[in-house]
Structures are given as structure tokens and as C-alpha cells.
Amino acid sequence: MNEREEFLTWVYTSLVEAERAQFDGDDGPRRAIWSREEPVSVLGAWRNATSRDELVEAFEVLASSFSDCTGYSFELISFDVNGDMAYTVGYERISASMDGKPRTFTLRATQVYRREGGEWRVVHRHADAIG
């Protein structure tokens, strides 16, 4: 398996599982796949963060708003891997309850990744809601 295939395997397992958990109210898996090294940043659909501490707080607040995730899919539009850096661009389609109300929505998401100690870690996310 080449490095692009290995990266995509990680995206469609660890990353997708962590994102689904986030929208089911559990931010632990998402925090686990994010870098613990600065810089990290989020320009999110609902919250922004520019440090690891802000990131953890944002994920906790976001997770407390979501529950009952009945659907999460990631439609990859573009990606590349270059050594220890990678990026993805795609659509996240989510069905979950937000503040107790069922919602279905799509996010446009661009993420940047860094390989640390042989493991992929997210270092930046920019997402916004469509429509």
C-alpha cells in the first residue's frame, strides 16, 4: 500500500469514526486524532479556535450540542499527500440532533494533516454549512 492509500484508509476509518462520534456527542475520538503540537486551528461552522486549549474547549461545547447521530458520510472531492503533510477537501453530510432538535445538514470541509510519530493528526479545519 502506498502513502496515498494509507492516508485514505486512515481518513475513511479513524477520521470518519471521530467525526461521527463528535456529532453523536462524544468529542474524545476527535480530540485524539488532532495534533497536540502547536500550531492548530479551526475556522468552524459554529466555533473557531487558534490553540490546543481553545480547540479542546470548542470540541467540548460542540459535542454538548449534538446527539443521536443517525448518519455521517464524507464525500471526498480532493486530497493530496506530500511527505508528512496532507489535505482533504470534501462534503460532510450529517443527520443528528442539535440542541435536541433533529437536523440534517451538509458542511464543506477543508482539513490539513501532519504526520507525527508515524500517525496522521489533524492540524487545521475550515468548515461551513451549505445552504
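Throughout, read-outs are computed from the coordinates displayed, never taken from laboratory work. All values derive from a computational prediction rather than experimental measurement. Positions of Cβ are generated from backbone atoms using ideal geometry, with glycine treated the same way; all protein chains shown enter the neighbour counts.
Here are a few things to note about the model shown:
- Derived scalar couplings ³J(HN,Hα) [the stretch 98-114; Karplus, 6.51 cos²θ - 1.76 cosθ + 1.60; whole Hz; x for Gly, Pro]: 10, 6, x, 10, x, 9, 10, 8, 10, 10, 8, 9, 10, 10, 10, 10, 10
- The stretch 60-131 - Debye-derived log10 I(q)/I(0), Cα point model, q = 0.15, 0.18, 0.28 Å⁻¹: -0.60, -0.80, -1.20
- Residues with amide H under 5 Å from that of Ala45, placed H, sequence gap 5 or more: Ala127
- The calculated 222 nm mean residue ellipticity attributable to helices in the chain amounts to -7500 deg cm²/dmol, summing -39500 (n - 2.57) over DSSP H runs of n ≥ 4 and dividing by all residues.
- Radius ratio Rg over Rh of the stretch 40-89, counting only Cα atoms, Kirkwood formula for Rh: 1.05
- Within-12-Å neighbourhood charge of Asp24 [Cβ basis; K, R +1; D, E -1]: -3
- For the chain, the share of DSSP beta bridges that are antiparallel, to the nearest 5, is 90%.
- Viscosity 0.890 mPa s, temperature 25 °C, Stokes-Einstein D of the chain from Kirkwood C-alpha radius, µm²/s: 166 µm²/s
- Counting 0.36 nm for each residue step from Lys101 to Thr50 and taking away their Cα separation leaves a gain of 15.4 nm.
- Across the stretch 50-64, coupling constants 3J(HN,Hα) worked out from phi with the 6.51/-1.76/1.60 Karplus curve, θ = phi - 60°, read 10, 7, 4, 4, 5, 4, 4, 4, 4, 5, 5, 5, 4, 4, 5 Hz, and Gly and Pro carry x.
- Cβ charges +1 (Lys, Arg) and -1 (Asp, Glu), total dipole of the stretch 65-108, debye: 240 debye
- Mean separation of Cα contacts under 8 Å (6+ apart) over length of the chain, as relative contact order %: 23 percent
- Residue (of Val40, Tyr12, Thr104) at the positive-pole extreme of the stretch 3-118, dipole from beta-carbon charges: Thr104
- Karplus-derived 3J(HN,Hα), 6.51/-1.76/1.60, for each residue of the stretch 73-83, Hz, glycine and proline x: 9, 10, 9, 6, 9, 7, 7, 7, 10, 9, x
- Cα-centred dipole magnitude for the stretch 1-113, charges only on beta-carbon of K, R (+1) and D, E (-1), debye, nearest 20: 380 debye
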